[in-house]
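Next up is a structure, given as structure tokens.
The values are calculated or read from the model by the stated rules, or taken from the named source; none is laboratory data. This one's a predicted model, so the numbers in the text were calculated from it and none came from an experiment. Cβ sites come from the backbone with ideal geometry, for glycine too, and all protein chains shown count toward neighbours.
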Amino acid sequence: MGLGSAYQQLRDLLITFRLTIDNDNFDEALHEAASEFALKGGFDITVHNHIMTLNLSATEQIDLIQIAREALSNVNRHAKAQNVEIHLEYENDDKYIVMSVIDDGVGLPSDSVDQTQHHGLMIMKERAHNIGGELIVSNNKPHGTNVTVRFEPNFFDEDSNKDAYL
């Protein structure tokens, strides 16, 4: 089991390093990840990307793609979902970006999740923290799971924009 997990982590790292991030590839990379996991998991997936990629730094793009990939990997392994949606949109007068991966599967267990045994959750939380955001994992009503990351992109951080002009 440990070797298989290590192999999967290595594959994920290689995929991360292969990502070419520029203003045209983020949406394509998001759709490719969605298609890849939909094929693996046998579920239908819809991507609703309502943000302008130029508002995201390369780090934010990579972290969002990897959070989406990990969430989709969890759907594939645990959810038994038929339908998955990825929503990427602005919130609070375009100050925040929110990405949600929502499935109609079995949902989270009723008892609390031992996060020390769920490395994917820890990885997603670390990536969300890396971009100054928060990760919320909750049950979707009436069934399924909702993985949401919410953050203020660097584009809107006035201090980082001032540094860019110096």
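Counting only residues that are under 13 Å from the mean Cα position of the chain (by Cα), buried (at least 18 other Cβ atoms within 10 Å of the Cβ) and either hydrophobic (A, V, I, L, M, F, W, C) or at pLDDT 95 or above (or both), how many does the range 104-122 have?
Of the residues in the range 104-122, 1 are under 13 Å from the mean Cα position of the chain (by Cα), buried (at least 18 other Cβ atoms within 10 Å of the Cβ) and either hydrophobic (A, V, I, L, M, F, W, C) or at pLDDT 95 or above (or both).
While we're here: Among the residues of the range 74-95, are any small (Gly, Ala, Ser), at pLDDT below 90 and surrounded by 14 or more Cβ atoms within 10 Å (Cβ to Cβ)?
No, the range 74-95 contains no residue that is small (Gly, Ala, Ser), at pLDDT below 90 and surrounded by 14 or more Cβ atoms within 10 Å (Cβ to Cβ).
Among what's in the range 50-72 and is of a type outside the set (D, E, K, R) and under 18 Å from Ser138 (Cβ atoms), pick the residue that is surrounded by the fewest Cβ atoms within 10 Å (Cβ to Cβ). Break it down into steps so the answer makes sense when it comes.
Taking the range 50-72 as the starting set, the residues that turn out to be of a type outside the set (D, E, K, R) are 50-59, 61-62, 64-68, 71-72.
With the extra rule that they be under 18 Å from Ser138 (Cβ atoms), the set shrinks to 67-68, 71-72.
Details: Ile67: 26, Ala68: 24, Ala71: 30, Leu72: 26.
Ranking the qualifying residues of the range 50-72, first place goes to Ala68.
Then there's this: For the structure I just gave you, tell me whether Val101 is more than 10 Å from the chain's Cα centre (by Cα) and under 17 Å from Asn140 (Cβ atoms).
Taking the combined requirement at face value, the residue does not satisfy it.
Related question: Which residue out of His87, His31, His50, His129 is free of Cβ contacts under 8 Å to residues at least 12 places away in the same chain and either of a type in the set (A, V, I, L, M) or closer than 26 Å to Asn154 by Cβ (or both)?
It is His129.
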